[in-house]
Amino acid sequence: MHVNENRKMYVAHMVRYSMISLEQLIQMAATDSGMSESNVAAALYALATQVEELVLTGHSVDLGVLGILRASFSCKAKERIEDLDYTCITRRRFIFTPSDRLKTALYNAHVEGFGGKSSE
């Protein structure tokens, strides 16, 4: 509930049930893929290493059905190029753009708890 101009207002938000650990994710992926947990873990760690290296060297990385990951930063503007250096960088971040499949899944997700009404 939010208060807006002395009125009670209600907004919906995503419910987060729990945090799935990396170990749990590896177990689930192993079950779904028929691979051993150690093979799934090895592949995941290898992908993470490659993604980190590629993103931090200026590449956008297509993660297939998940989306695209890239690095970005904000920088203070300077009148002369000679005045630009690393101290001008104000914010560093990763930008993840979900795939159309992931966006559609979120859009179609079942939602309930709206005064007894649901999204279906």
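The values are calculated or read from the model by the stated rules, or taken from the named source; none is laboratory data. None of these values were measured; they are calculated from a predicted model. Counting neighbours? That spans all protein chains shown, and the Cβs are built from the backbone with ideal geometry, glycine included.
At-a-glance table
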item: Residue within the stretch 39-59 that is touching a residue at least 24 places away in the same chain (Cβ under 8 Å), under 17 Å from the mean Cα position of the chain (by Cα), under 25 Å from A105 (Cβ atoms) and not assigned by TED's automatic domain parsing to the domain that holds S99 present; result: yes
item: Residue within the stretch 61-79 that is in contact with a strand residue (DSSP E or B) (Cβ under 6 Å, 6 or more places away or on another chain), touching a residue at least 12 places away in the same chain (Cβ under 8 Å) and polar (S, T, N, Q) present; result: yes
item: Members of the stretch 78-112 found to be surrounded by 11 or more Cβ atoms within 10 Å (Cβ to Cβ) and part of a helix (DSSP H, G or I), listed by number; result: D83, C88, R101, L102, K103, T104, A105
item: E23 being in the same structural domain as Y10 (by TED's automatic domain parsing) and exposed (fewer than 12 other Cβ atoms within 10 Å of the Cβ); result: yes
item: Filter result for the condition that a residue is of a type in the set (K, R) and within 23 Å of the chain's Cα centre (by Cα), over R101, R80; result: R101
item: The stretch 80-100 residues that are of a type in the set (S, T, N, Q), paired with ones that are surrounded by fewer than 10 Cβ atoms within 10 Å (Cβ to Cβ) (beta carbon under 8 Å, 6 or more apart); result: S99/G64
item: Tally, over the stretch 49-77, of residues that are surrounded by 13 or more Cβ atoms within 10 Å (Cβ to Cβ) and of a type in the set (V, I, T); result: 4
